[in-house]
Amino acid sequence: MNDFTHSAPTSEDCSASGNNDSGQNRSGYNNSGYNFAYLDEQTKRMIRRALLKAVAIPGYQVPFGGREMPMPYGWGTGGMQLTASILGADDVLKVIDQGADDTTNAVSIRSFFERVAGVETTTETARASVIQTRHRIPEKTLSNDQILVFQVPIPEPLRFIEPSEEETRVMHALEEYGVMHVKLYEDIARHGHIATTYAYPVKVDGRYVMDPSPIPKFDNPKLHMSEALMLFGAGREKRLYAIPPWTRVESLDFEDHPFEIQAWDEPCAICGATDSYLDEVITDDAGGRMFVCSDTDYCQSRREEVA
Amino acid sequence: MTGTGTRAANVRPRDWPMLDDGVHHSQQLFRQLLSAMSEPGTQQTLAVAELPAGAQLSPAAWAAVLTLCDLDTRLWVEPRLATPGLYEAVAFHTGASITESPADADFALVVPQTLSEVTSFAEGSDAWPDRSTTLIVVTDSLAEGNDWVLSGPGIADCRGLTLSAEAVPLMARLSANLATFPRGLDAFITAGHQLLAVARSTRVEARTEHAARIEEDV
C-alpha cells in the first residue's frame, strides 16, 4: 500500500533551483523559505479538523484559530487559509475576484500560491481542482472533483439585525430566524420588492440560515444541489463553514414574493451571452455604458468557441 | 490509564508506521477524509503501511489518527483496541494526549460494540455543536450494499451500505443523530485500508425502515 516516495532535501536540490522561487520537492521544502502553502502543519491540522466539523454540520459557522496572513483583512485571508489547508502539490488552482481572473486580488493570491506552494494555476474553470473566489460562483457548472473556496467578510447573516455574537449564537441554536424574514418583509414594505441583491440569505438543508458571502443573488441557485464541495472562510471573524455536494440550499422568500434572480434587457456586449451575470461598465463621461460578463473565463471561452 | 495499553511489551512506537512525509502525505490523507465526510457512505482507500503484529486498529484508523491528531487533541481509546504500545505510539507519532473520559475526547477509537456500552461521548451543545467527539470506528468489513440506507447532505439520492452484523449498535447510535441535530457524533468507519464517513447530518436507516418510509411517502 505504501506507494508514496519522497526525497530528503539535498544540497543539490538547493543549488539546482537556487533562483527559482517556486522550486519544490516532495518533502514540502521550497525556496520561498516557507512551509508548503505557507501555513505550518499544526495550523493546517487545526483548520482541517474545523473543516470536517463544518462539512458535518452544513451551514454552521465553526470557529477556528485564524492566523495573520501577509496581507490585510478584507483581502481574502480567510479563503487563503482554507485554500492553504486543503491544497496539494497536484492541485490546479484558479482564483477569481468578482468573476475576473485578472484583477489585483486574484492575481496576487494566485502568484502567492505559485510562490509558496509551487502549484499549477489556471484561469480555465474546468481545469481547476480548487477555485478560490471573491463574490462570484463561476458560470460553468462545477463538477464533483472541484472544491470552491469563498472569501467571506462577515459570516453571520444575522449580524446587521443583532450585533451581539452571544445573541446570534442562541438564535442559531433555537433556529429563531423570524427576524430575517422581518428584514426581507421591510424591504417589500419600503420598495415593493425584496431589495437585497447580494449576500442574500439562504437556508442550508432546512436548518441553518447562512450568509453565502457577497455573491449576487443571481448565483444563489448554483448553491443548491451543487456537485462541488463549497467551503467558506472568514479571516477577520475567524469562522469557517461549508456546504457539502448535493445539499438543499433555499433562498429565503415569501409565497407571494418568491425569490427571483437578476435579469438584463441586453446580452453581454462582448460574447452575446444571455445566461450570465453582467457587470455595467461606464465607457465615457457622456452616459455611455455597456454590459459585459463578470465571469471573464466564461466570456473568453464563448468568444473562442465562436471564432 | 485503562486496558493493556500502558506497557509496551515488544512493540516499540517506531514499529508503528509514520507518514511518508509530514506535508504531502498528510494532505493527501486529509483530502480523502474531507471527501469521505462530504459524501457520506463513499469509500476511500488510505495509503498507509501495515501496522505491527498484534495491533487491533485498522491501518485506515491509524492513518486518520496520524492526519488529525496532535498536541491540541485528546484521544479516547476503547480498551479492546488498546494493545500494548499503542499509547506510546500515539504520543510518539502525534503528541496527542490520551483521556480516560469519553466526554472529554476530541477523537475516540472505538469498535461498533463500544456504542452500546459507552454513552457519554461529547455531542456538543445546540449553541456549540462542533464541540463533539469524532468517532474513528474499527470494523471487519465495509461493502456497498443495501443493509443500511444513507441520505441527506452529500448524497444525491440515497446510498446503500453493508456492514457486518456487529455494526448494529454503531448504526443505531448514528441514526439517533437526526433527532438531536445539530448535536451528534460524526464517524469515520474503517476496515483494513478502507474508510467511509457518516456525518451527523446523514439520515441513517435500516433497509426495512427505509422501505416502510418510502411506502408511507407514496
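Descriptive notes on the structure:
- Förster radius 41 Å - calculated FRET efficiency between A:ALA189 and A:ALA126 (Cβ-Cβ, nearest 0.05): 0.40
- Average partner coverage of A:39-50, which counts Cβ from other chains inside 10 Å: 4
- Rounded to the nearest 20 debye, dipole of chain A from Cβ charges on Lys, Arg, Asp, Glu: 960 debye
- Inter-chain Cβ neighbour average for residues A:85-94, partner chain, 10 Å: 3
- Three-way shape call for segment B:104-205 based on the alpha-carbon gyration tensor, with the a/c threshold at 1.5: oblate
- Reducing segment B:163-198 and segment A:211-252 to their Cα centroids gives an inter-centroid distance of 26 Å.
- Local net charge near A:ASN105, Cβ-Cβ under 14 Å (Lys/Arg +1, Asp/Glu -1): +1
- Radius of gyration over Kirkwood radius for segment A:141-241, both on Cα atoms: the Rg/Rh ratio is 0.97.
- Cα gyration tensor category, rounded, prolate or oblate, for the protein assembly as shown with a/c compared to 1.5: oblate
- Hull-based mean projected area of chain B, where the convex hull spans the alpha carbons, in square nanometres: 11.8 nm²
- Taking the protein heavy atoms of the protein assembly as shown in the context of the full set of protein chains, the accessible area attributed to carbon and sulfur is 49 percent at 1.4 Å.
- Mean per-residue shielding of peptide B:130-138 is 2, counting Cβ atoms of other chains within 10 Å of each Cβ.
- Relative packing of peptides A:189-201, B:72-84, A:61-73 - highest average C-beta neighbours within 10 Å first: B:72-84, A:61-73, A:189-201
- Solvent-accessible area lost on pairing B with A (1.4 Å probe, both sides summed) amounts to about 4000 Å².
- Segment B:13-217 - charge dipole about Cα centre, Lys and Arg +1 at Cβ, Asp and Glu -1, debye rounded to 20: 80 debye
- Cubic angstrom per residue, convex hull over Cα atoms of segment A:263-307: 72 Å³
- Positive-end extreme of charge dipole, chain B - chosen from B:TRP16, B:SER151, B:PHE107 (charges on Cβ): B:TRP16
- Where a label projected 7 Å from the Cα of B:ASP15 along Cα→Cβ would reach, residues of segment B:73-117 with amide N under 17 Å: B:81-93
- Think of the protein assembly as shown as having a plus end and a minus end, set by charges on the Cβ of Lys, Arg, Asp and Glu; of B:ALA60, B:ASN177, A:PHE64, B:ALA60 sits farthest toward the positive end of this dipole.
- A:SER129 contributes an accessible area of around 20 Å² to the protein surface, as traced by a 1.4 Å probe with all chains present.
- The calculated pair-distance distribution of chain A uses every alpha carbon pair, bins of 10 angstrom beginning at 0, and gives 6, 25, 32, 23, 11, 3, 1, 0 percent.
- For segment B:85-158: span of alpha carbons on each principal axis (Å, largest first): 42, 35, 25
- Computed magnitude of the charge dipole of the protein assembly as shown (debye, nearest 20; Cβ of K, R +1, Cβ of D, E -1): 1240 debye
- Classification of segment A:31-152 by its C-alpha gyration tensor yields a rounded form. The axis ratio a/c (a ≥ b ≥ c) stays under 1.5.
- Accessible area of the protein assembly as shown divided out per residue, in Å², using a probe of 1.4 angstrom: 42 Å²
- Highest mean packing first, where packing is the average number of other Cβ atoms within 10 Å per residue, the peptides B:168-174, B:124-130 line up as B:168-174, B:124-130.
- When each of A:LYS183/A:LYS217; A:LYS53/A:LYS183; A:LYS44/A:LYS238; A:LYS53/A:LYS238; A:LYS94/A:LYS140; A:LYS140/A:LYS222 is checked by Cα-Cα distance, pairs over 20 Å: A:LYS53/A:LYS183
The values are calculated or read from the model by the stated rules, or taken from the named source; none is laboratory data. Keep in mind that what you see is a predicted model, and the values were worked out from it rather than measured. Neighbour counts are summed over all protein chains in view; Cβ atoms, including those assigned to glycine, are modelled from backbone coordinates with ideal geometry. With ligands, DNA and RNA removed, areas are computed over all heavy atoms of the protein, side chains included. Shrake-Rupley method; radii C 1.70, N 1.55, O 1.52, S 1.80 Å.
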